[in-house]
1. From the list ALA111, ALA66, ALA79, ALA106, exactly one residue is in contact with a helix residue (DSSP H, G or I) (Cβ under 8 Å, 6 or more places away or on another chain) and within 15 Å of VAL16 (Cα to Cα). Which is it?
2. Give the residues of the range 1-22 that are surrounded by fewer than 15 Cβ atoms within 10 Å (Cβ to Cβ) and assigned to a loop (DSSP other than H, G, I, E, B), sorted by residue number.
3. Just checking, how many residues over the range 53-65 are part of a strand (DSSP E or B) and either more than 25 Å from GLY85 (Cβ to Cβ) or in contact (Cβ under 8 Å) with a residue 40 or more places away in the chain (or both)?
4. Within the set of pairs 6+ apart or on separate chains, which have a first residue in the range 23-39 that is closer than 11 Å to HIS70 by Cβ, a second that is surrounded by 16 or more Cβ atoms within 10 Å (Cβ to Cβ) and of a type in the set (Lys, Arg), and C-beta atoms under 9 Å apart?
5. If you take the residues in the range 35-50 that are within 11 Å of the chain's Cα centre (by Cα) and not in a helix (DSSP H, G or I), which one is farthest from GLU22 (Cα to Cα)?
6. Inspect the range 67-90 for any residue being within 17 Å of THR11 (Cα to Cα), among the β-branched types (Val, Ile, Thr) and in contact with a Pro (Cβ under 9 Å, 6 or more places away or on another chain) and give the result as yes or no.
7. Could you list, in sequence order, all residues of the range 75-99 that are more than 19 Å from ASP24 (Cα to Cα), surrounded by 14 or more Cβ atoms within 10 Å (Cβ to Cβ) and of a type in the set (A, V, I, L, M, F, W, C)?
Amino acid sequence: MTQLTVHTRTTAAGPVMELTGELDYNSCSQVRELLPALTLQAGQQLVIDLAGITFCDSSGLTALLAARNHALAVQAGIALAAVPGHLIRVFSIVGLDQVFPAHPTAQAAEAAWTPPATQP
């Protein structure tokens, strides 16, 4: 078992949450508890970098959906970055590939973000 570690950083596009280890029943609460503390504003995007995820069960998928709901609640977007191959297949099977935009890196996700147009 690899314990989950979570690191966050802020970019111009919004917060980036980097997950490393196993995202499962025993660790998903770390992600869910961190969400309200993130500074995420309307028009920004939350990027979840999954490059370091070695395992993800249904509880982990539920935590990712909770992150999506959190972002949508504040009128922000969400994107996944560096989704490992074993998760790409699971996302495809359960249809989450249609729910989460994915990018090869967190930097690519940030580059793809379009800031909201300012009102004159």
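None of the figures in this text is laboratory data; all of them are computed from the coordinates on show. Everything quoted here is computed from the prediction, not taken from an experiment. Every residue, glycine among them, receives a Cβ derived from its backbone with ideal geometry; neighbour counts consider all protein chains shown.
1. ALA79
2. MET1, THR2, GLN3, ALA12
3. So the first thing to find is which residues in the range 53-65 are part of a strand (DSSP E or B), and the list is 53-56.
Filter again for either more than 25 Å from GLY85 (Cβ to Cβ) or in contact (Cβ under 8 Å) with a residue 40 or more places away in the chain (or both), leaving 54-55.
Residues that pass the stated criteria total 2.
4. Nothing qualifies.
5. As a first pass, look at the range 35-50 and keep what is within 11 Å of the chain's Cα centre (by Cα): 35, 45-50.
Imposing the further condition that a residue be not in a helix (DSSP H, G or I) reduces the set to 45-50.
Values: GLN45: 24, LEU46: 20, VAL47: 18, ILE48: 14, ASP49: 13, LEU50: 10 Å.
Only one residue fits best here, namely GLN45.
6. Within the range 67-90 (the criterion being within 17 Å of THR11 (Cα to Cα), among the β-branched types (Val, Ile, Thr) and in contact with a Pro (Cβ under 9 Å, 6 or more places away or on another chain)), the answer is yes, since at least one residue qualifies.
7. Answer for the range 75-99, where residues must be more than 19 Å from ASP24 (Cα to Cα), surrounded by 14 or more Cβ atoms within 10 Å (Cβ to Cβ) and of a type in the set (A, V, I, L, M, F, W, C): ALA76, ILE78, ALA79.
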